[in-house]
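The values are calculated or read from the model by the stated rules, or taken from the named source; none is laboratory data. Remember, it's a predicted structure, so these values are computed and weren't measured experimentally. Cβ atoms come from the backbone with ideal geometry, glycine included; neighbour counts cover every protein chain shown. We work out accessible area using only protein heavy atoms, side chains counted, and drop any ligands, DNA or RNA first. Shrake-Rupley method; radii C 1.70, N 1.55, O 1.52, S 1.80 Å.
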Amino acid sequence: MTSVPKSGMHLSSLQYLRGIAALAVVYFHAVVQVEQVANIRELPMSGSFGVDIFFVLSGFVMWWTTRDRKVGIGDFLVKRLIRIAPLYWVLTIFAAMVALFFGDLLRSTKFDLPHLGFSLLFLPGGTRPLPRPMRRS
């Protein structure tokens, strides 16, 4: 077996799997929109599995890219937050402003300040209750 330099590694099969996952998610969202707009209920409601595939791929890629490095969990989380959070916050606030000022253009998205706060803090919330600690009787 020949070794491939880590820096030049390109896993084509992951790209194919990403494409399948993306198409599945797009299909799922398209079906939801068709059901809401055209009131057509005959389309199979599948495709949400694409999100699960993305989570698995993301975990694998994070492991693959850091497997030979000594990276502590704190350093990893801080670097990840610095890289991902700013763009997420900008786009989330943009989407909230569209919902607030141009809500009539959207069918299912409504502005909700508590939900926005939860989202910006990466917490579950909004329409779902927050998880609570279990209590012993």
query: For Phe101 and Leu11, what does the FRET efficiency come to when R0 = 41 Å and r is the distance between their Cβ atoms, rounded to the nearest 0.05?
result: 0.45
statement: Looks like segment 1-105, by Cα gyration tensor root eigenvalues a ≥ b ≥ c and the a/c under 1.5 rounded cutoff (else prolate when a/b is bigger than b/c, oblate otherwise), is oblate
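With r as the distance between the Cβ atoms of Phe118 and Val32 and R0 = 22 Å, compute the FRET efficiency 1/(1 + (r/R0)^6) and round to 0.05. Let's see the in-between values first.
Details: r = 22 Å, r/R0 = 0.99.
So, using R0 = 22 Å, E works out to roughly 0.50.
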query: Carbon and sulfur: what percent of segment 70-126's accessible surface (1.4 Å probe)?
result: 73 percent
field: Inter-site label distance for Leu87 and Lys70 at 7 Å from Cα along Cβ, in nm
entry: 3.1 nm
